[in-house]
Each structure stands twice: as structure tokens, then as C-alpha cells.
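Only one structure is covered here, and it is reproduced in the block below.
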Amino acid sequence: MNSQNDHVRELLADAWQSWAERGAALDAADWDRPTRLTEWTVRDLYAHVAPVPEMFTGLRGAVLDGPAELTRGADILRTFNRPGGLAHTAAGQVAELAKEAAGANEPAVLIARFGTEGPEALAGLADLPPSTVVAHPLLGSVTVGALGEVALMEATVHLLDLVAAVGGPAPAEGALHFTRALLAEVADPVAFIEAAAGRSSELVLPVIR
């Protein structure tokens, strides 16, 4: 892996460790607390974000020859969030799957995915370069590096959701800076710059659902 992808992988593993530590400190009532995501409890949120080791180990069997259709995390987010994209059409299904996973897995199982199983599976892919192309069931072909970037963004954004629900420190500075840059990259550059600089009142946010 190159240094940038090593950095993303390290930040992702650290973010997952934060999730594990927060989960270990929660009591039974905390797991049932509502979050600022409509109809999701803390347990639903954990189930949605928790890494599934099989998804990581399965990447080796999904490696493809040839160029990827999507090579950056911003490409994936832009595709998901375009009008009529999966972030809109599949939102209900995603929410339902999270609730199903929350009902099927005890908190200890979810904590272990963040603290042990996910990091071990991620470390097992350390030899795959970020440019490795893999088949994706919804996106065609993507690079391993792009998937890692989106995973870090998801872990960071939802960690802020968790903090809003149960308290605790903010995500690590590195994860926050990376996520901020990635989300800014999703927006049209001219529209984003002009809005951020006060030159335009065009609505450019949010960039993801």
C-alpha cells in the first residue's frame, strides 16, 4: 500500500476502536437511546456501521483486471447521491437492514466487530494496493482505495451521530480533516468555492444523504 492508503487504513482502524470503546461503556438503556437519524436507536446505528469481516475478505475473490469505473471515494459518493441514486431510492431498505442486524446481534457482537474482527480483516488486506480493482454489486468496478475512503467517511460521520446521542469526545482530528476534504470534493468545485467564499447563495449542501 502507498503511504496515503496506509494513512486511511490507520485512521479507519482508529475510528473503529473509538466505536468499540464507546460501546463497551454503554449500559442497556444507552443502546436503546434514539439518535438524530430518524427512527434509529444507538444499537441500529452500531449495526449499520459495524464492519462485516466477510465483506473485506471477499474482496480478494472480487479482484478484476482492467481499469475501474470509480477510482476515488468522491466518485462513489457522487454516484450514490445523484438524483435518483441509491442513497435516495434504497434509503428505506438500508434503514430496515440496520434494524434487522441490530435485532439479530447482541451489543457484544457489534463491539467485537469494531474492536477485533473488523481491524483484523482490514489488516489482512494490507498487501492489496489502493489501485486494486474489484467488482462491486451496485457500482460495477471500484478501487480498494476508494472503498477505504468511503468507509472512513462513514465511520467518522456516524461517530458524530453517536456523540450527539450519548456524548463523548469528537472523532480524531485526522479523520475529521479527511472527511471534510472528501465531502468538499463531492460538490461541484466552482459552486462550492463560491458558496464557501460568500460569492453565491446557491444551495450546495448537503452533498450526501
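See the values below:
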| quantity | calculated |
| --- | --- |
| Region 185-194, residues that are in contact (Cβ under 8 Å) with a residue 12 or more places away in the chain and surrounded by fewer than 18 Cβ atoms within 10 Å (Cβ to Cβ) | Glu185, Asp188, Ala191 |
| Region 21-66: number of residues that are in contact with a Leu (Cβ under 6 Å, 6 or more places away or on another chain) and among the β-branched types (Val, Ile, Thr) | 1 |
| Residue tally, condition of a type in the set (S, T, N, Q) and farther than 20 Å from Ala181 by Cβ, over region 132-165 | 2 |
| Matching entry among Ala126, Ala87, Ala112, Ala121 (being under 30 Å from Asp6 (Cβ atoms) and touching a Ser or Thr at 6+ places or on another chain (Cβ under 8 Å)) | Ala121 |
| Meets criteria (polar (S, T, N, Q) and within 30 Å of Trp31 (Cα to Cα)) for Thr143 | no |
| Residue, nearest to His88 (Cα to Cα), within region 55-78, restricted to residues that are among the hydrophobic types (A, V, I, L, M, F, W, C) and assigned to a loop (DSSP other than H, G, I, E, B) | Ala68 |
| Within region 19-54, considering residues that are part of a helix (DSSP H, G or I) and under 14 Å from the mean Cα position of the chain (by Cα), the one surrounded by the fewest Cβ atoms within 10 Å (Cβ to Cβ) | His48 |
| Matching residues in region 81-96 - criterion: being under 17 Å from Pro34 (Cα atoms) and in contact (Cβ under 8 Å) with a residue 12 or more places away in the chain | Ala95 |
| Residue match in region 126-142 (condition: farther than 24 Å from Gly73 by Cα and more than 16 Å from the chain's Cα centre (by Cα)) | no |
| Options Leu152, Leu110: the member that is closer than 12 Å to Leu45 by Cα and either buried (at least 17 other Cβ atoms within 10 Å of the Cβ) or of a type in the set (Ser, Thr, Tyr) (or both) | Leu110 |
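Read-outs: derived from the displayed coordinates by stated rules, not from any lab. These figures come from a predicted structure and were not determined experimentally. Note that each Cβ is placed from the backbone with ideal geometry, even for glycine, and that neighbours are counted across all protein chains shown.
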